[in-house]
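The values are calculated or read from the model by the stated rules, or taken from the named source; none is laboratory data. Values in this document were obtained by computation on a predicted structure and should not be read as measured data. No Cβ is skipped: glycine too gets one built from the backbone with ideal geometry, and neighbour counts run over all protein chains shown. All accessible areas refer to the heavy atoms of the entire protein, side chains included, with ligands and DNA or RNA removed. Shrake-Rupley method; radii C 1.70, N 1.55, O 1.52, S 1.80 Å.
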Amino acid sequence: MPPLLDIPAALELISTSAHALAEETVPLHEALGRVTSQAILSPEPAPLFDKALMDGYAIRAEDLAQSAGLSTSSLSPSLRVTGLICAGQTPSKSLAAGEAIQIMTGAPLPSGTTAVVKIEGTTRKEDLVFIHESTAVGANLIRRGAVMQPGQLVLSAGQRLAPQHLAGLAELGIVTIPVKQKPTLAILATGDELVPPSEKPGPGQIRNSNETLLASLALQAGCEVQRLGIASDSLDELTLKIRQGLAADLLLLTGGVSAGMLDLVPQALTAEGVEKIFHKVDIKPGKPIWFGIKRQPKTCLVFGLPGNPVSSLVCFELFVKTALRKFSGITPTIAPAIEALAAVDEKYTSDRPTYHPAFIDSTGSSTTARTIPWQGSSDLQATLSANGMIYFPANSPPPKKGETLLAYRWC
Ligand SMILES: Nc1nc2c(c(=O)[nH]1)N[C@H]1C(S)=C(S)[C@@H](COP(=O)(O)OP(=O)(O)OC[C@H]3O[C@@H](n4cnc5c(N)ncnc54)[C@H](O)[C@@H]3O)O[C@H]1N2
Ligand code: MOO
């Protein structure tokens with residue numbers, strides 16, 4: 001038997017086979033979860049004007065200098081109040097020596113202002129305000145352009161847009177966003193034993209959990225998902241559904257890729273003109289994974305994922321996500337592992353590189369990870385208490401508590 005393809009080589013083949021998708025523009029309110037296709041530069045400064053950050057008085061801090069630090073009202077410096085500015089108004093006069101202008105949070109500063117003193121640090125007596133709080137130059141105000149200059153980079157290309165990104169764009173008036181097209185991803189579960197989750201399985205049958213798993217992973221990864229349902233182990237039925245799936249950017253099949261008599265997926269794909277790039281990788285779980293590409297009339301990447309649910313999950317996280325990242329221009333294309341400390345003495349060893357379901361905890365001062373009890377690639381229920389996986393290199397002593405290990409978060 002020739003040696004199995006190793007994981008880095010498989011990832012590299014996926015990365016070079018996948019192409020970057022075209023771009024489109026979408027309105028801001030439709031951009032959540034999409035990936036920027038170009039760097040976005042700011043058209044204007046932020047904030048747009050010098051503004052108060054507290055309710056209080058705009059002052060010239062220099063006026064307080066000789067009395068700074070005094071705390072009794074009788075000895076506090078006083079300034080003459082010459083006006084009031086609320087948020088949304090514009091100052092009608094500037095601030096002269098010895099003057100203060102009452103101001104509200106978010107209101108534009110009158111020219112000459114060098115600080116804002118909080119209302120709590122003052123006492124008002126008619127048109128005089130007594131300042132009890134030492135207030136340094138620059139206190140409680142922000143200058144025009146202090147957080148963003150025109151032409152400054154707001155977001156790089158390849159950024160998946162989260163709520164805070166959209167709000168940042170909204171603040172700058174950027175309402176048309178250049179993004180990568182959404183990848184279309186079709187899912188086909190194969191196997192005579194499968195029934196939909198809503199049905200009671202007959203003798204020897206099981207519920208199709210992989211469609212729910214893969215569709216959810218794909219939706220979370222920003223894909224447009226097409227569910228092709230279940231194909232029985234017959235070439236005719238497989239072929240019909242594969243033809244439908246090849247219209248997508250990416251087709252995922254589960255089951256039927258190992259060595260069983262009815263493992264027909266590789267042959268059905270080849271017959272439909274899908275060129276095999278690799279079959280089988282030195283990984284656990286997921287060894288029987290099949291990967292290929294249909295080039296004409298439209299490019300479609302095809303993964304035959306092993307039927308065991310945890311194999312499908314691990315293969316999606318590692319392999320399918322690499323293709324999706326390339327589609328959207330997310331860099332690096334191959335997602336890096338995170339370094340974590342073993343939370344306990346680990347026991348797991350294997351002669352195959354293994355991705356073991358794990359719980360990763362970032363709530364403390366350092367990120368820790370520990371494996372969860374798991375009975376192998378068919379044990380989907382174990383993953384309900386996991387949020388990621390730990391990488392165990394082949395034939396290596398498992399990490400002891402406190403030693404560094406490599407982990408991946410599922411998200
Ligand atoms: N002689 C060998 N047998 C097996 C090998 C091997 O190398 N030589 N590999 C094993 C490994 S590892 C895995 S993983 C499985 C993968 O096999 P297939 O991809 O061909 O998948 P099936 O045989 O169709 O199914 C495996 C298992 O998963 C269940 N399954 C299938 N589809 C679904 C679904 N949609 N939802 C939930 N569960 C599903 C299926 O009923 C089987 O129990 O092969 C080993 N055998
Ligand atoms: O390697 Mo298989 O994917 O363990 O079940």
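Okay, here's what the table says:
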quantity	calculated
Scan of segment 368-411 for residues that are acidic (Asp, Glu) and either assigned to a helix (DSSP H, G or I) or more than 22 Å from residue 319 (Cα to Cα) (or both), ordered by number	403
Cβ pairs under 6 Å, 6+ apart, first in segment 303-330 and within 17 Å of residue 215 (Cβ to Cβ) and aromatic (Phe, Trp, Tyr), second open to solvent by 10 Å² or more (accessible area, probe 1.4 Å) and more than 12 Å from ligand 2 (Cβ to nearest atom)	316/217
Sole residue being surrounded by fewer than 19 Cβ atoms within 10 Å (Cβ to Cβ), closer than 17 Å to residue 305 by Cβ and away from ligand 2 (no atom under 16 Å from the Cβ), chosen from 220, 205	220
Test for residue 365: is it more than 16 Å from ligand 2 (Cβ to nearest atom), assigned to a loop (DSSP other than H, G, I, E, B) and not aromatic (Phe, Trp, Tyr)	yes
Residue match in segment 235-246 (condition: within 16 Å of ligand 2 (Cβ to nearest atom) and more than 30 Å from the chain's Cα centre (by Cα))	no
Long-range neighbours under 6 Å by Cβ, at least six apart or interchain, first residue outside any strand (DSSP E or B) and away from ligand 1 (no atom under 15 Å from the Cβ) within segment 178-202, second open to solvent by 10 Å² or more (accessible area, probe 1.4 Å) and of a type outside the set (A, V, I, L, M, F, W, C)	181/24; 182/224; 183/249
Matching strands (runs of 3 or more DSSP E) fully within segment 73-137 where at least 1 residues are touching a helix residue (DSSP H, G or I) at 6+ places or on another chain (Cβ under 9 Å) and open to solvent by 30 Å² or more (accessible area, probe 1.4 Å)	99-103, 122-125, 128-131
Top-ranked residue of segment 268-314 - restricted to ones that are surrounded by fewer than 23 Cβ atoms within 10 Å (Cβ to Cβ), touching a strand residue (DSSP E or B) at 6+ places or on another chain (Cβ under 8 Å) and among the polar types (S, T, N, Q), ranked as farthest from residue 374 (Cα to Cα)	299
Positions within segment 307-361 being hydrophobic (A, V, I, L, M, F, W, C), within 16 Å of ligand 2 (Cβ to nearest atom) and over 18 Å from residue 385 (Cβ atoms), in sequence order	315, 316, 318, 319, 320
Residues located in segment 346-375, provided they are open to solvent by less than 20 Å² (accessible area, probe 1.4 Å) and either closer than 17 Å to residue 394 by Cβ or not assigned by the TED database to the domain that holds residue 400 (or both)	346, 350, 353, 354, 355, 356
Qualifying residues in segment 16-30 (those that are in a loop (DSSP other than H, G, I, E, B) and open to solvent by 50 Å² or more (accessible area, probe 1.4 Å)) - the one nearest to residue 177 (Cα to Cα)	22
Test for residue 273: is it closer than 30 Å to residue 361 by Cβ, modelled with pLDDT of 95 or more and not hydrophobic (A, V, I, L, M, F, W, C)	no
Residue within segment 288-301 that is in contact (Cβ under 8 Å) with a residue 24 or more places away in the chain, touching a Leu at 6+ places or on another chain (Cβ under 7 Å) and within 12 Å of ligand 2 (Cβ to nearest atom) present	yes
